[in-house]
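One structure is given here, and the rest of the page talks about it.
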Amino acid sequence: MKKSLITIALAVTFAVVMGACGDGGTAPPATPPAGGGTATPAQTGDTGTAAPDEGWEGNLRVWSFTNEAEVIATAFRGLNPGVNIDFQMASMDGGVFQDWVTLALAVGGSDVPDVIFMEADFVRSFVLEPGMLADISDLMPYANALETIPFTIQAGTDDAGIIRAFSYQATPGAMFYRRSMAQRYFGTDDPGQLQPLFANLDIFVDSARQIREISGGSTRVVSSPTEVYRAFLPNRAQPWIVGNSLNIDPLMLEYMTFANALRNEGLDAEVGQWSPEWFDAMRDQLMDANGNLIEVFSFFMPTWGLPFVIYGNAADYTHGDWGIIPGPLPFQWGGTWLAVTEQAANFELAREFVRFATLDEDHLRNWATGVYTNQFLAAIDPSVPGDLSQGGGDLVSSARLIRELTPQFNDAPTAQFIGGQNPYVIFGEAAMQVSFGLQQGTDATIGDAFIDAVDLYITGEADREGALTSFRNDVSIAVPGLN
Amino acid sequence: MKKKNSISKDYYGYIFIAPFIIIFITFILFPIFNTLYLSFTDARIRPGSWRGDFVGFDNFTSLLGDHMFHMAVSNTWMLWLFNFIPQMILALVLAAMFASTTYKLKGANIFKAVYYLPNLLMPVTIAALFNTFLSLHGPLNQILVGMLGIMPEARNFGAFALDTRIVVIFLQTWMWFGQTAIVLVAGMTSISPALYESAMIDGANQVKMFFRITLPLLKPVMLFVMVTSLVGGLQMFDIPHLYAGQFGNPDNSVLTVNMFMNLRRSFPSALLGYSGAISVLLFLMSSVVALVLFRIFREPDDAKVKKVRRVNS
């Protein structure tokens, strides 16, 4: 008896292992679909889908790189108790999430997500790649009603004009400056008077020189030229890849000149973004090698940079001493898009989830105004993590809601942090200026290579041509096959 | 009943080795042959093309003609050689001191543990640590410029190709010399003390004993250290990737073969076939060199002994 049990156990183990091989051995770090979490394809047509009056029913697999997805999924289940959501998360660092999702979509089979979350760095790769994301253009009436911000739709639209992704937020950027320093070097800390001093790239460099002259070199306009890099991207005339060749837009060459001027005239602090020194600079704690204080006048950050980066790091040190202006060029950084996968087992329900997350007026209002506290979410599902919540203040993707909600943020903590300016006003206006049309799937990698090449140029390790050759070399490794 | 029992006794052996065989086939043997297969295809992680079509030697010819791949190969060799040679010398000196019966070093175990410590740190930690330590406004510049005044002005070590290479080589040496020393100590302590005693009676000094007794008898252990270091070194990835970014910049100074492969394999390129070909080339490269090492390090007597035996039998 025992022996036959062992034999059976062995046979089962072997079958499982071989079965996994047959599947291509691709199971990502997802939990097994035990416990009723699986979507049965048969459900799509009849039983699984909607009776919107009584709420939706069915099973949904949601894969994300951010736990904001879990907040949304929980809120969705609050309205539709009949929906079972299997939520999985992986980091986008080093492309783990992207590899995981592309592999699942490429191989197919039973372990495919219905809804995926995508970051700005890779949303275009998914949108432009055939066979990955489903057509959800029919949600456009909702977007029109909410006046969804154009660039968020641009990002989700493929070359044929089919919309495959929507976003619940808009992430335009702005120039965060220090009021005390502005007072010292320009005699005013008023955003209205400062914007003309940084209104375009030439004036920006002139003002940077003025800061250096008056401060005697102890104050620099930015941490490094890379800080301003993202402001150039949406304002190019052409994308990185045209036809089948690498194309360097004139504006990117202008960026090289701009970066070189900042570095070689001693206008930047030579501190990389996200380095410990960069955070020190926000707190007025950056020291050079001789122990002298170096001050940094401004930081280029998007919407999320205010609560999560600047406020989070500097609130105890430089509270109220910040201001925001649009800066020389409109730009955008980050953001999260949602899409239904082509292989989704339950397309209708998945599309409803995307609609709810990105184009549902009540949900977006809740999202922006901090309704989704941990108590709120725990009341729906007691098993949510104790730190899961969504604080108020995120700029939602609906221009209509932005207008409606703006007065609510006049006295928000972040507004007090930036000297009483209402971030919703500045970012709401900036969001309408941004374009996403030139972004391609390989932009993140190519951008990294370009930033490295510009570093090579401005440190004097290579001349302009040498730096561009190094750039082309890097791109030839990561994006082979270009002319 | 009796018959059944006698059969099942043979069976038990299979049950005990089954877990290993299954794991070996699934996670080692299958991937190796799958990689070999993939290297001849244009497989890509995308719907419809993840199995790929057979393209013959296209991946290999394109790689062998790619000047960036040549650079990755020469970088990898350069980084390995310049870290292995000092590492071996350092480890040998330390091991000789630890294993010496005459010195009887006090607290040898503490030293061994301390030298081994860098190996226990995660590469992520080490890379982040040194990025901060060597940055323009970082501690090293503060010490050299501010406190000691040795350098006139701060240097951005990460911005220069040569500096970056030196740092990566240093980190590899620093991480692995302790490990190598411990393996060599194990090899040295297995040498019979009688040899040293008789040498001492004959009047040999420490240096002579090291070169005439220790080194020759340490050959098998040295070979082991060399081959494992070679295989690991040619796969070098984490430290240069984390310290100098995915392109090994500035100027691809520390771009290694594995980093090259990572750029081809990962999102958004996702070129499985290409990456398979790179793996196969890497495998061939390390195999050939390992075989050469085996030949060089073969006991010269072995061949003779075999011959003599063959003649006698």
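The values are calculated or read from the model by the stated rules, or taken from the named source; none is laboratory data. It should be emphasised that the depicted structure is a prediction, and the values quoted were computed from it without experimental measurement. Cβ: placed from backbone, ideal geometry, glycine included. Neighbour counts: every protein chain shown. Please note that ligands, DNA and RNA were not included when accessible areas were found on the heavy atoms of the full protein model with its side chains. Shrake-Rupley method; radii C 1.70, N 1.55, O 1.52, S 1.80 Å.
For region A:101-111, a residue qualifies if it is assigned to a helix (DSSP H, G or I), over 21 Å from A:Val71 (Cβ atoms) and more than 7 Å from chain B (Cβ to nearest Cβ), and exactly one does: A:Ala104.
Looking only at residues that are in contact (Cβ under 8 Å) with a residue 60 or more places away in the chain and farther than 13 Å from A:Asp321 by Cβ in region A:290-304, which one is farthest from the other protein chains (Cβ to nearest Cβ)?
A:Thr303
Within region B:278-313, the set of residues being hydrophobic (A, V, I, L, M, F, W, C), open to solvent by 70 Å² or more (accessible area, probe 1.4 Å) and either modelled with pLDDT of 60 or more or in contact with a Phe, Trp or Tyr (Cβ under 9 Å, 6 or more places away or on another chain) (or both) comprises B:Phe283, B:Leu284, B:Val288, B:Leu291, B:Val292, B:Phe294, B:Ile296. Only one entry of A:Asp394, A:Asp387 meets the criterion of being closer than 26 Å to A:Ile85 by Cα, in contact (Cβ under 8 Å) with a residue 12 or more places away in the chain and either touching a Pro at 6+ places or on another chain (Cβ under 9 Å) or among the hydrophobic types (A, V, I, L, M, F, W, C) (or both), and that entry is A:Asp394. Of the helices (runs of 4 or more DSSP H) lying entirely inside region B:208-292, the ones with 2 or more residues being closer than 30 Å to A:Arg124 by Cβ are found at B:238-244, B:257-265. Within the set B:Phe237, B:Phe210, the sole residue that is closer than 30 Å to A:Ala444 by Cβ and surrounded by fewer than 21 Cβ atoms within 10 Å (Cβ to Cβ) turns out to be B:Phe237. Of the listed requirements (1) open to solvent by 10 Å² or more (accessible area, probe 1.4 Å); (2) without any contact (Cβ under 8 Å) to a residue 40 or more places away in the chain, A:Arg263 misses just one: (2).
B:Thr61 passes all but one of (1) under 30 Å from B:Leu272 (Cα atoms); (2) open to solvent by less than 80 Å² (accessible area, probe 1.4 Å); (3) away from every other protein chain (no Cβ under 13 Å); (4) polar (S, T, N, Q); which number fails? Condition not satisfied by B:Thr61: (2).
Anything in region A:422-454 that is within 18 Å of the chain's Cα centre (by Cα), assigned to a helix (DSSP H, G or I), closer than 28 Å to B:Phe247 by Cβ and more than 9 Å from chain B (Cβ to nearest Cβ)? List them, or say none. The answer is A:Asp443, A:Ile446, A:Gly447.
List the pairs whose first member sits in region A:108-134 and is over 28 Å from A:Trp304 (Cα atoms) and small (Gly, Ala, Ser), whose second member is at pLDDT 95 or above and part of a strand (DSSP E or B), and whose Cβ atoms are under 8 Å apart, counting only residues at least 6 apart or on separate chains? Qualifying pairs under 8 Å: A:Ala134/A:Ala339; A:Ala134/A:Val340; A:Ala134/A:Thr341.
Taking region B:12-32 as the range and being within 20 Å of B:Gly276 (Cβ to Cβ), open to solvent by less than 100 Å² (accessible area, probe 1.4 Å) and at the interface with chain A (Cβ under 10 Å from one of its Cβ atoms) as the test, the residues that pass are B:Ile25, B:Thr26, B:Phe30, B:Pro31. Between B:Gly138, B:Gly149, the distinction of being without any contact (Cβ under 8 Å) to a residue 12 or more places away in the chain, in contact with a Ser or Thr (Cβ under 6 Å, 6 or more places away or on another chain) and within 14 Å of chain A (Cβ to nearest Cβ) belongs to B:Gly138 only. Every condition in (1) surrounded by fewer than 17 Cβ atoms within 10 Å (Cβ to Cβ); (2) part of a loop (DSSP other than H, G, I, E, B); (3) more than 14 Å from chain B (Cβ to nearest Cβ); (4) not aromatic (Phe, Trp, Tyr) is met by A:Arg400 except one, and the failing one is (2). Could you tell me whether region A:177-186 includes any residue that is of a type in the set (A, V, I, L, M), within 18 Å of A:Asn422 (Cβ to Cβ) and either open to solvent by 40 Å² or more (accessible area, probe 1.4 Å) or within 32 Å of the chain's Cα centre (by Cα) (or both)? No, there is no match, as no residue in region A:177-186 is of a type in the set (A, V, I, L, M), within 18 Å of A:Asn422 (Cβ to Cβ) and either open to solvent by 40 Å² or more (accessible area, probe 1.4 Å) or within 32 Å of the chain's Cα centre (by Cα) (or both).
Checking each residue in region B:146-200 for being among the polar types (S, T, N, Q) and in a helix (DSSP H, G or I) picks out B:Thr164, B:Gln172, B:Thr173, B:Gln179, B:Thr180, B:Thr189, B:Ser198. Figure legend. Inter-residue proximity from region B:208-220: first residues under 12 Å from B:Ser190 (Cα atoms), second residues at pLDDT 90 or above and not hydrophobic (A, V, I, L, M, F, W, C), beta-carbon distance below 7 Å, spacing 6+ or different chains. Indicated pairs: B:Leu218/B:Gly187. Within region A:72-100, restricting attention to residues that are assigned to a loop (DSSP other than H, G, I, E, B) and more than 14 Å from chain B (Cβ to nearest Cβ), which residue is most open to solvent (accessible area, probe 1.4 Å)? Restricting to residues being assigned to a loop (DSSP other than H, G, I, E, B) and more than 14 Å from chain B (Cβ to nearest Cβ), the top hit is A:Pro81.
Of everything listed in (1) of a type outside the set (S, T, N, Q); (2) within 30 Å of A:Val127 (Cα to Cα); (3) outside any loop (DSSP other than H, G, I, E, B); (4) within 14 Å of chain B (Cβ to nearest Cβ), the single unmet condition for A:Tyr457 is (2).
Residue-wise test of (1) more than 30 Å from B:Thr214 (Cβ to Cβ); (2) open to solvent by 60 Å² or more (accessible area, probe 1.4 Å).
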{"position": "B:Phe98", "(1), (2)": "no, no"}
{"position": "B:Phe111", "(1), (2)": "no, yes"}
{"position": "B:Val114", "(1), (2)": "no, yes"}
{"position": "B:Leu121", "(1), (2)": "yes, yes"}
{"position": "B:Val124", "(1), (2)": "yes, yes"}
{"position": "B:Ala128", "(1), (2)": "yes, no"}
{"position": "B:Leu136", "(1), (2)": "yes, no"}
{"position": "B:Met151", "(1), (2)": "yes, no"}
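Just so you know, in region A:460-471 the residues that are open to solvent by 40 Å² or more (accessible area, probe 1.4 Å) and facing chain B (nearest Cβ under 10 Å) include one that is farthest from B:Met259 (Cα to Cα), and it is A:Gly460.
Of all residue pairs spaced 6 or more apart or on separate chains, those with beta-carbon atoms under 7 Å, a first member in region B:72-101 that is farther than 18 Å from B:Phe177 by Cα and a second member that is part of a helix (DSSP H, G or I) and not hydrophobic (A, V, I, L, M, F, W, C) are B:Thr101/B:Pro193; B:Thr101/B:Tyr196. Only a single criterion out of (1) within 14 Å of chain B (Cβ to nearest Cβ); (2) of a type in the set (A, V, I, L, M); (3) part of a strand (DSSP E or B) is not satisfied by A:Ala344, namely (3). Counting only helices (runs of 4 or more DSSP H) that fall entirely inside region A:112-162 and contain at least 3 residues that are of a type in the set (A, V, I, L, M), the qualifying elements are A:120-128, A:140-146.
Condition check: closer than 17 Å to A:Ile451 by Cβ, away from chain B (no Cβ under 14 Å) and out of contact with any helix residue (DSSP H, G or I) (no Cβ under 8 Å at 6 or more places or on another chain). Does A:Leu262 satisfy that?
In short, no.
Note on region A:136-157: residues that are touching an Asp or Glu at 6+ places or on another chain (Cβ under 9 Å) and surrounded by fewer than 19 Cβ atoms within 10 Å (Cβ to Cβ) amount to 2.
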